[in-house]
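Engineer: Below is one structure. I have some questions about it.
The values are calculated or read from the model by the stated rules, or taken from the named source; none is laboratory data. Please read these numbers as outputs of a predicted model, since none were measured by experiment. Cβ sites come from the backbone with ideal geometry, for glycine too, and all protein chains shown count toward neighbours.
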Amino acid sequence: MAVDYTTRDGVAVITLNNPPVNGLGHSTRAGIVDGLARAASDAAVTAIVITGGGKAFSGGADITEFNTPKATQEPTLHTVIKEVEKSAKPVVAAIHSVAMGGGLELALGAHYRIAAPGAQIALPEVKLGILPGAGGTQRLPRAIGLEAALNMIVTGVPVLSEKLANSGLFDAMAQGDLLEEAIAFARKAADKPGPYPLVRNRKIEHPNAEGFLQFSRNTVAAMSKHYPAPVKCVDAVAAGVQQGFDKGLAYERECFLELVQTPESHALRHAFFGERAASKIPDVPSSTPTRDIQKVAVIGAGTMGGGITMNFLNAGLPVTLLETKPEALDRGLATIRKNYEAQVKKGKLSAEKLEARMALIRPTLTYDDLKEADLIIEAVFEELGVKEQVFKRLDEVAKPGAILASNTSTLDVDKIAAFTKRPQDVVGLHFFSPANVMKLLEVVRGKETGKDVLATVMQVAKKIRKTAVVSGVCDGFIGNRMVEQYIRQALNMLEEGALPAQVDRAIEKFGFAMGPFRMSDLAGNDIGWAIRKRRYQEQPDMKYSKVADRLCETGRFGQKTGAGWYDYKAGERSALPSKLVDEMIVAYSKEAGVERRKIGDEEIVERLVFALVNEGAKILEEGIASKASDVDMVYLTGYGFPLWRGGPMLYADTVGLYNVERAIRRYTQQPNGDAWEIAPSIVELAAKGGTFN
Ligand code: T1G
């Protein structure tokens, strides 16, 4: 049973015991009900304490059970809470570390609650696309008031228990040993006759509940247009205010059952698990020893090197920052300081924290200062010859066991590792610009990269709050390899009849943060141009429309030159469709001998997104990525794919691979159809009604 039961001085102690976070799975729920029954039938027991073993009181319903029969198998959480409320003996919830979702709802059913300081208290269901499904929308407003409760429910953000000490949620804050104090409290409560207080019987006091709820609903609806859950949170709370507890509870249940089936909730849960699954590498067991990383070094203080450095400063790790010239070093330090000053201005960082972080940097012009580093990351010029010099030098100065990482985004990590005598210590750490902001970190595993090196960098990634995804060695790893096919389709569609603003608008309506042409103008069209030139040399069979080269030949590199696919007013960033570029595109189609046609938004979205899906499928077939959710995490955290669609591979599953295959086959019949080579796994999965996830 995922619950332990003991009695201490006439108090029954029911301890949840379902690691890692005491998810309220079926066996835990049944264990609580059994414990209550044992306590009720034991005359020596006068009171009951419910607490959590391990690192949580309870992290809520067991989300691994969702959409399985177990999730709704009796005793449901509703039943458990009802049993707690009906107990003739007082029940005290002893809360520590984490009380979230169903865990908090369970505690709200108890007669009393005692919390240790530092516990994370939340109803985070909305972040999974659902809403509290076991009375949270009805009890929390009665416990801490309408406004505070609604705010916690709609945002899902945790609040530290001490901040709620006087909110009405807790009957006491533990000063010392939580369990001892809870047992003592329970014994004292039992001195008084029942019935014992129930949160559900409290009143919701608010001077103007109607007005507040209406205002909240309008605000929440405006801020969450792609997500149905937040508004339902407001509606469920409102139902309880307007129609009383029982009707409110019934309505909450209705909303929960509706939301848990929505594609948005499916996507959010997929992302929740995908984030955690990414840190698990199939052939690297969690017991793999890791190396101790206390001192980090970064080579190159440019945009990437500076951003990478900031990640470690933010995690409190000292960084030796190496440059070749004093002015480059000074410029790098100034940029880091400027970035932090911007955060101070926004009130996100205190001035003293800024100085403390800057003090963690040890600037240097000599490799010798790297010899103590445990992890060295180079972010130098993206050219193999330069990397060769750096890694040969590192091989000489770095201490044995130091991890040598390259931030390369396109070069072969195996070739880089071969520049050293320690290829097992070499790994790719591909950060995304701006490196101190973007969550995605592609960990590129060379064929010799040691398992302990991988386990170590995955741990470091969690420490610097990155979503790390392991990629094998191939051109572009996971993200850039997929984005290349996406861009090819975008350019082909210009040649065939679309215009930049139309393509961007269509894919932004689908949910991308930025369409391919606005994105290219932002990053610099010359970057894509350099990649295409390399492509023409190395892979002439990968045909590209030359329309983008025509643009670059006129020097229109995007925002940095004041003109690109779009025109830009001096000092402004808004992209203005350019008549000149549109005419150039039309002229190019003629030059290419392609009859322009009207291309609809649906075709634009399908060709862009299915290009990602198709390449993602090949990446999985080749084992470059080990699971479809890894591919989704790359696109959700690094390329602005809409979170409520769960990533390209989950989106393909949602559309149905049968339909994806038919669409791709349709596009292979078009003028640039040879850009499509359908991935065999899509055909196989479609044939058997399978899915990627
Ligand atoms: N169910 C099952 N497993 C869970 C879980 C949960 N609720 N929460 C976390 N895990 C797993 C997670 O997958 C990982 O597994 C391990 O625990 C450690 O997680 C009726 C219906 C609790 C703050 O949304 O926010 O209640 O990878 O790495 O950083 O109204 O996990 O080790 O195998 O995140 O210390 C609402 C979600 C559910 C809380 C701990 N509850 N969890 O953070 O560790 S819906 C949540 C978290 C609900 C009711 C409704 C965090 C954490 P593995 P971790 P952490």
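Engineer: Select from the stretch 63-77 the residues that are more than 11 Å from the ligand (Cβ to nearest atom) and under 13 Å from Ile32 (Cα atoms) and write down the one among them that is surrounded by the fewest Cβ atoms within 10 Å (Cβ to Cβ).
Structural biologist: In this case the residue turns out to be Glu74.
Engineer: For the stretch 384-399, does any single residue satisfy the condition of being surrounded by 24 or more Cβ atoms within 10 Å (Cβ to Cβ) and under 28 Å from the mean Cα position of the chain (by Cα)?
Structural biologist: no
Engineer: Here are some residues: Thr364, Thr303, Thr288, Thr335. Which one is within 23 Å of Asp452 (Cβ to Cβ), surrounded by 14 or more Cβ atoms within 10 Å (Cβ to Cβ) and among the hydroxyl-bearing types (Ser, Thr, Tyr)? I'd like the intermediate steps shown before the answer.
Structural biologist: On the way: Thr364 fails: within 23 Å of Asp452 (Cβ to Cβ); Thr303 fails: within 23 Å of Asp452 (Cβ to Cβ); Thr335 fails: within 23 Å of Asp452 (Cβ to Cβ).
One residue alone meets the criteria, Thr288.
Engineer: Tell me which of these Pro124 doesn't satisfy, since it passes every other one: (1) touching a strand residue (DSSP E or B) at 6+ places or on another chain (Cβ under 6 Å); (2) under 22 Å from Ile14 (Cα atoms); (3) within 13 Å of the ligand (Cβ to nearest atom).
Structural biologist: (2)
Engineer: Picking from Gly60, Gly129, which residue would you name as being within 8 Å of the ligand (Cβ to nearest atom) and within 25 Å of the chain's Cα centre (by Cα)? Steps first, answer last, please.
Structural biologist: Values: Gly129 fails: within 8 Å of the ligand (Cβ to nearest atom).
Just one listed residue meets the conditions, Gly60.
Engineer: Of the residues Gly156, Gly168, Gly135, Gly145, which is surrounded by fewer than 24 Cβ atoms within 10 Å (Cβ to Cβ), closer than 23 Å to Ala209 by Cα and within 9 Å of the ligand (Cβ to nearest atom)? Before you say what the answer is, go through the steps one by one.
Structural biologist: Working: Gly168 fails: within 9 Å of the ligand (Cβ to nearest atom); Gly135 fails: surrounded by fewer than 24 Cβ atoms within 10 Å (Cβ to Cβ); Gly145 fails: within 9 Å of the ligand (Cβ to nearest atom).
Result of the check over Gly156, Gly168, Gly135, Gly145: Gly156.
Engineer: A further question follows. Any chance you could count how many residues in the stretch 56-88 are out of contact with any helix residue (DSSP H, G or I) (no Cβ under 6 Å at 6 or more places or on another chain), charged (D, E, K, R) and modelled with pLDDT under 95?
Structural biologist: Summing the residues that are out of contact with any helix residue (DSSP H, G or I) (no Cβ under 6 Å at 6 or more places or on another chain), charged (D, E, K, R) and modelled with pLDDT under 95 in the stretch 56-88 gives 1.
Engineer: Failed condition for Ala115, given (1) of a type in the set (A, V, I, L, M, F, W, C); (2) in contact with a strand residue (DSSP E or B) (Cβ under 6 Å, 6 or more places away or on another chain); (3) within 13 Å of the ligand (Cβ to nearest atom), with all others met?
Structural biologist: (3)
Engineer: Looking at (1) at positive phi; (2) touching a Cys at 6+ places or on another chain (Cβ under 9 Å), which is the one condition that is false for Glu622?
Structural biologist: (1)
Engineer: Yes or no: Pro19 surrounded by fewer than 23 Cβ atoms within 10 Å (Cβ to Cβ), more than 21 Å from Val98 (Cα to Cα) and either within 14 Å of the ligand (Cβ to nearest atom) or touching a residue at least 40 places away in the same chain (Cβ under 8 Å) (or both)? I'd like the intermediate steps shown before the answer.
Structural biologist: On the way: surrounded by fewer than 23 Cβ atoms within 10 Å (Cβ to Cβ): yes; more than 21 Å from Val98 (Cα to Cα): no; either within 14 Å of the ligand (Cβ to nearest atom) or touching a residue at least 40 places away in the same chain (Cβ under 8 Å) (or both): yes.
No.
Engineer: Restricting to the stretch 440-461, count the residues that are polar (S, T, N, Q) and assigned to a loop (DSSP other than H, G, I, E, B).
Structural biologist: Step one: of the stretch 440-461, the residues polar (S, T, N, Q) are 449, 456, 459.
Imposing the further condition that a residue be assigned to a loop (DSSP other than H, G, I, E, B) reduces the set to 449.
Within the stretch 440-461, residues that are polar (S, T, N, Q) and assigned to a loop (DSSP other than H, G, I, E, B) number 1.
Engineer: Can you name every one of the helices (runs of 4 or more DSSP H) wholly within the stretch 136-253 that holds 2 or more residues which are outside the structural domain of Ala40 (by TED's automatic domain parsing), more than 25 Å from Val11 (Cα to Cα) and in contact (Cβ under 8 Å) with a residue 60 or more places away in the chain?
Structural biologist: Working: elements: 136-144, 146-155, 178-191, 209-223, 229-243.
Counting at least 2 such residues, we get 209-223, 229-243.
Engineer: Further question: Kindly provide the set of residues from the stretch 83-100 that are of a type in the set (Gly, Ala, Ser), within 16 Å of the ligand (Cβ to nearest atom) and within 19 Å of Leu198 (Cα to Cα), ordered by number. Quick ask: steps written out before the conclusion?
Structural biologist: So in the stretch 83-100, the residues of a type in the set (Gly, Ala, Ser) come out as 87-88, 93-94, 97, 99.
Right, trim to within 16 Å of the ligand (Cβ to nearest atom) and you get 93, 97, 99.
Answer for the stretch 83-100, where residues must be of a type in the set (Gly, Ala, Ser), within 16 Å of the ligand (Cβ to nearest atom) and within 19 Å of Leu198 (Cα to Cα): Ala93, Ala99.
Engineer: Let me ask another. (1) touching a Pro at 6+ places or on another chain (Cβ under 7 Å); (2) more than 26 Å from Leu160 (Cβ to Cβ); (3) within 16 Å of the ligand (Cβ to nearest atom): which one isn't true of Ala47, the others all being true?
Structural biologist: Every listed condition holds for Ala47 apart from (3).
Engineer: Another one. From Thr449, Thr467, grab the single residue that is at pLDDT 95 or above, over 25 Å from the mean Cα position of the chain (by Cα) and not hydrophobic (A, V, I, L, M, F, W, C).
Structural biologist: Details: Thr467 fails: over 25 Å from the mean Cα position of the chain (by Cα).
The conditions single out Thr449.
Engineer: Just one of Gly60, Gly31, Gly10 is buried (at least 19 other Cβ atoms within 10 Å of the Cβ), in the same structural domain as Gly133 (by TED's automatic domain parsing) and at positive phi; which is it? Before the answer, list the steps.
Structural biologist: Details: Gly31 fails: at positive phi; Gly10 fails: buried (at least 19 other Cβ atoms within 10 Å of the Cβ).
Going through Gly60, Gly31, Gly10 in turn, the sole match is Gly60.
Engineer: Under 8 Å between Cβ atoms, which residue pairs at least 6 apart in sequence (or on different chains) link something in the stretch 607-621 that is in contact (Cβ under 8 Å) with a residue 40 or more places away in the chain with a partner that is charged (D, E, K, R) and in a helix (DSSP H, G or I)?
Structural biologist: What qualifies is Ala611/Arg488; Glu615/Arg481; Glu615/Glu484; Ile619/Arg481.
Engineer: Still on this model: I need the full set of residues from the stretch 404-439 which are part of a helix (DSSP H, G or I) and either in contact (Cβ under 8 Å) with a residue 40 or more places away in the chain or buried (at least 17 other Cβ atoms within 10 Å of the Cβ) (or both), in order please. Break it down stepwise before answering.
Structural biologist: Applying the first criterion (part of a helix (DSSP H, G or I)) to the stretch 404-439 yields 413-417, 423-425.
Of everything in the stretch 404-439, those that are part of a helix (DSSP H, G or I) and either in contact (Cβ under 8 Å) with a residue 40 or more places away in the chain or buried (at least 17 other Cβ atoms within 10 Å of the Cβ) (or both) turn out to be Val413, Asp414, Ile416, Ala417, Pro423, Asp425.
Residue-wise test of (1) part of a helix (DSSP H, G or I); (2) more than 18 Å from the chain's Cα centre (by Cα).
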residue: Ile585; (1), (2): yes, yes
residue: Ser589; (1), (2): yes, yes
residue: Val605; (1), (2): yes, yes
residue: Leu608; (1), (2): yes, yes
residue: Glu615; (1), (2): yes, yes
residue: Ile619; (1), (2): yes, yes
residue: Ala625; (1), (2): no, no
residue: Tyr635; (1), (2): yes, no
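Engineer: Yes or no: the stretch 666-683 includes at least one residue that is among the hydroxyl-bearing types (Ser, Thr, Tyr), within 21 Å of Phe512 (Cα to Cα) and either in the same structural domain as Val443 (by TED's automatic domain parsing) or in contact (Cβ under 8 Å) with a residue 12 or more places away in the chain (or both).
Structural biologist: So the first thing to find is which residues in the stretch 666-683 are among the hydroxyl-bearing types (Ser, Thr, Tyr), and the list is 667-668, 681.
Applying the additional criterion that residues be within 21 Å of Phe512 (Cα to Cα) yields none.
No, there is no match, as no residue in the stretch 666-683 is among the hydroxyl-bearing types (Ser, Thr, Tyr), within 21 Å of Phe512 (Cα to Cα) and either in the same structural domain as Val443 (by TED's automatic domain parsing) or in contact (Cβ under 8 Å) with a residue 12 or more places away in the chain (or both).
Engineer: If you check Ala250, Ala229, which single one turns out to be surrounded by 19 or more Cβ atoms within 10 Å (Cβ to Cβ) and under 27 Å from Glu65 (Cα atoms)? I'd like the intermediate steps shown before the answer.
Structural biologist: Details: Ala250 fails: surrounded by 19 or more Cβ atoms within 10 Å (Cβ to Cβ).
Result: Ala229 is the single residue among Ala250, Ala229 that is surrounded by 19 or more Cβ atoms within 10 Å (Cβ to Cβ) and under 27 Å from Glu65 (Cα atoms).
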